[in-house]
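Report on one structure; see the data block that follows.
Readers should treat all values here as calculations from the given coordinates under stated rules, not as data from a laboratory. Worth saying up front: this structure is predicted, and the values here are computed from it rather than measured. Backbone-built Cβ (ideal geometry, glycine too); neighbour counts: all protein chains shown.
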There are 2 protein chains.
Amino acid sequence: MAYAPKQPLQVKEVVIAPPQAGEVRIKISHTALCHTDYYTLSGQDPEGLFPCVLGHEAAGVVESVGPGVTSVAPGDHVIPCYQAFCGECKFCASGKTNLCGSVRQWTGTGVMKADGKPRISELDGSPLFHFMGTSTFAEYCVVHEVSVAKITKSAPLDEASLLGCGVTTGIGAVVNTAKAEAGCTAAVVSVPLSPPPHLLPSLSPPSPAPPRPLALALHGTPAAAPPQFGIGTVGLAVIDGLKMIGAKRIIAVDIDDSKKDLAMTWGATDFFNPRSIGDTSIQDHIVAATDGGVDYSFECIGNVDVMRSALECCHKGWGESIIVGVAGAGQEIKTRPFQLVTGRVWKGTAFGGYKSRVDVPRLVEEYLQVRPPDPRHP
Amino acid sequence: MAYAPKQPLQVKEVVIAPPQAGEVRIKISHTALCHTDYYTLSGQDPEGLFPCVLGHEAAGVVESVGPGVTSVAPGDHVIPCYQAFCGECKFCASGKTNLCGSVRQWTGTGVMKADGKPRISELDGSPLFHFMGTSTFAEYCVVHEVSVAKITKSAPLDEASLLGCGVTTGIGAVVNTAKAEAGCTAAVVSVPLSPPPHLLPSLSPPSPAPPRPLALALHGTPAAAPPQFGIGTVGLAVIDGLKMIGAKRIIAVDIDDSKKDLAMTWGATDFFNPRSIGDTSIQDHIVAATDGGVDYSFECIGNVDVMRSALECCHKGWGESIIVGVAGAGQEIKTRPFQLVTGRVWKGTAFGGYKSRVDVPRLVEEYLQVRPPDPRHP
């Protein structure tokens, strides 16, 4: 439970009401911690509503469905998606975007469409807000049917949970938003911030086999880099996507040198630390190192100054910069318009441009094709 | 002659030296006044060099060529192009951009590539800078061969001259940069500023038949709108391009109501004056009037606040904003990154994305196909 911004999370018993029309109640088997949960808890999210149950990167099993629900049934394995896909609204029908608008006005205000109220409450009945239409930091959550991606039962739910946000976002930024092509040069600008430990709840000791991040599994787990908070899943997933499409050069940028080995293991060809390049700006450093700049850059942290660096390290004439991170309330990006007039393109991505209910099941299938053997999931 | 920023232009006799290796001397038959000439004269152009001969939107006849020039010969009708196209440099070879880099370092510093010196001088031999590699406000100019577009002799040079900048830029912004499609909705945000009369030179009285702007000729001359400085050629050319590709709705935006008739004649379906909409911002006004925003917007004046409005009047999920105008030195564009993360794209264009030597001759041919009969050019 998040009762207020900047306050520690609390472990409490709450009521998750039965699903109403068009709703699905999911028993969450695994949930991950995404930087966006911390972002809202930090008070920087202009849409943040308290008290609420955070969490939006998860997997689980359908427990019950409300009237009219036809696409899933109890027992189905699913990923609850913070980005819906209805297939019918103006956005879905356009074919140009994944930003379905069918339930946005309710998920953006922490309630459900059927009655404009939440399905989460304290034991005394006081209502609690939903978060991002998901609220997966609980053993059950109620979501709109249009936000439920049904996945194959052969996928391990711990690993699949990461396709609910981070991995999907990073790979999609490369494949859907940038549409990067083989042979390209790219910079992945990612300076992950860890949530201060005091904001995390006191939990019982971790189980002996903590879930491995999905992206790690794609290439095996490097012994030197155990899973940890703030590992930079989105940045690593972007690197993974770039390697997948055959990028020639992948420059990882981070102020933390301890990220270098992990980035290189994932497929980065270079690692630049902006604090180890003297008085040069990171954009000038990258432009010099790449004979004019990169073809694509990805900002993965939500820092508006880093977004500017990412744009300005792009090559004149064709470089495209993709904003993946989410900035704090009221913050603005800036640059000289000459950067765009001379051919650079500034874009952003949400959920990697993937259409959740349609694409996530396919991504899970594709993941199973490349997944290495794992004794935990024979 | 422009001797210094903010000083009136002067009519003087100067020397235009013969072309050296790889250079072409052109007898200018017609030159137009573009806002960019005024922009540099105003002192806002960080690359502005004085004293110089301004002018970059013109047409003429090749008078002589330097050693090694093979693509044009004396007598050829040509348009001198401020954007070169060599076909061989990294930019040209990429196929992704029109921003040829073959002579940029010399045209950007007001000199010629062969010897790093200008071909323009005072009668006493003092050197004068070239401007944008063209300097067409003189009876002759010397340009690099890679900057010369050879056009058909059947095209009237007065009309063709406008394809040297404004019309090409506006149409190309629609066709090449936005790649706008039939049925789209667009906003053309254009608030043309006229050069103050005191900065213009005293010329002899105009000839009885002043050249008509090319874009005007495409649709006939509206009686109520005689050619004038600050007529907004780029904005009108964008409207023309949008009409050409079959846009469903074209919203012209200008703070000068006297532009309305002209904009509607060109093909605009709506005219919004930001000063006549109450307390609403122009972006909110456009979003409300278009059920969520336009598919494409074009900023045609070089004002960074207008660039922001143009981006933010685009539709969530897919709207693209194209910066066509050139902003003053040091000025910056700003917006919340959320605008991009939710699917808007920010781009810019130079010379409308057209590859000058390759595309301008074809544009002149296309113009002749649609040009109405004109008794002045039987």
- [ ] Rounding to the nearest 20 debye, state how big the charge dipole of the protein assembly as shown is about its Cα centre with +1 on each Lys and Arg Cβ and -1 on each Asp and Glu Cβ.
- [x] 740 debye
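Å³ per residue of the Cα convex hull, for chain A? Could the numbers behind the result be given before it?
Working: hull volume 53.1 nm³, N = 378.
Spread over its residues, the Cα hull of chain A gives 140 Å³ apiece.
Over segment B:14-162, what is the relative contact order in percent, taking alpha-carbon pairs closer than 8 angstrom and at least six residues apart? Could the numbers behind the result be given before it?
Working: 352 pairs, mean separation 53.6, N = 149.
With pairs under 8 Å counted, the relative contact order is 36 percent.
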Open item on the list: Please compute the contact order of segment A:275-345 in relative form: average sequence separation of alpha-carbon pairs under 8 Å and at least six residues apart, divided by the residue count, as a percent.
Closed with: 32 percent
Open item on the list: Students often get this wrong, so check it: of B:K150/B:K179; B:K6/B:K248; A:K113/A:K243; A:K316/B:K260; B:K12/B:K260; B:K12/B:K113, which have C-alpha atoms separated by over 32 Å?
Closed with: B:K6/B:K248; A:K113/A:K243; A:K316/B:K260; B:K12/B:K260
Task: Nearest-first distances (nm) between copies at A:P74, label 7 Å from Cα via Cβ - done: 9.6
Open item on the list: With n ≥ 4 as the cut-off for DSSP H runs, can you work out [θ] at 222 nm for the protein assembly as shown, using -39500 (n - 2.57) per run divided by the number of residues, rounded to the nearest 500?
Closed with: -6000 deg cm²/dmol
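Averaged across the residues of B:327-338, what count of C-beta atoms belonging to other chains lies within 10 Å of each residue's C-beta?
On the way: counts 4, 1, 2, 1, 3, 9, 10, 5, 4, 8, 15, 10.
Partner-chain Cβ atoms within 10 Å, mean over residues of B:327-338: 6.
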Open item on the list: For B:Y3, place a label point 7 Å from Cα along the Cα-to-Cβ direction in every copy; what are the distances to the other copies, in nm, shortest first?
Closed with: 7.8
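Can you give the convex hull volume per residue for the Cα atoms of segment A:14-162, as a whole number of Å³? Mind dumping the intermediate values first?
Working: hull volume 16.7 nm³, N = 149.
Considering the Cα atoms of segment A:14-162, their hull volume per residue is 112 Å³.
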- [ ] One decimal, nm, shortest first: give the distances between the label point of A:K27 and those of the same position in the other copies, each label point 7 Å from Cα along Cα→Cβ.
- [x] 9.2
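If you place +1 on the Cβ of every Lys and Arg, -1 on the Cβ of every Asp and Glu, and leave all else neutral, what size is the dipole of chain B about its Cα centre, to the nearest 20 Debye? Working shown, then result.
On the way: 31 positive and 36 negative charges, 119 e Å.
Once rounded to the nearest 20, the dipole reads 580 debye.
Quick one: compute the contact order of chain B, relative version, from alpha carbon pairs under 8 angstrom and 6+ residues apart, as a percent.
Values: 864 pairs, mean separation 70.9, N = 378.
About 19 percent, as a whole number.
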Task: Average partner coverage of B:87-96, which counts Cβ from other chains inside 10 Å - done: 2
Open item on the list: Looking at the calculated P(r) for the protein assembly as shown, what percent of the C-alpha pair distances fall above 37 Å?
Closed with: 47 percent
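Kindly rank B:249-259, A:5-15 from highest to lowest mean number of other beta carbons found within 10 Å of each residue. Walk me through the numbers before you get to the answer.
Values: B:249-259: 20.4, A:5-15: 13.6.
Ranking the peptides B:249-259, A:5-15 by packing returns B:249-259, A:5-15.
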Open item on the list: How much length would be gained if the chain were fully extended between B:D279 and B:K179, taking 0.36 nm per residue of separation minus their Cα-Cα distance, in nm to one decimal?
Closed with: 32.7 nm
TODO: Mind ranking A:109-121, A:297-309 by how tightly packed they are, going by the mean number of other C-beta atoms within 10 angstrom, highest first?
DONE: A:297-309, A:109-121
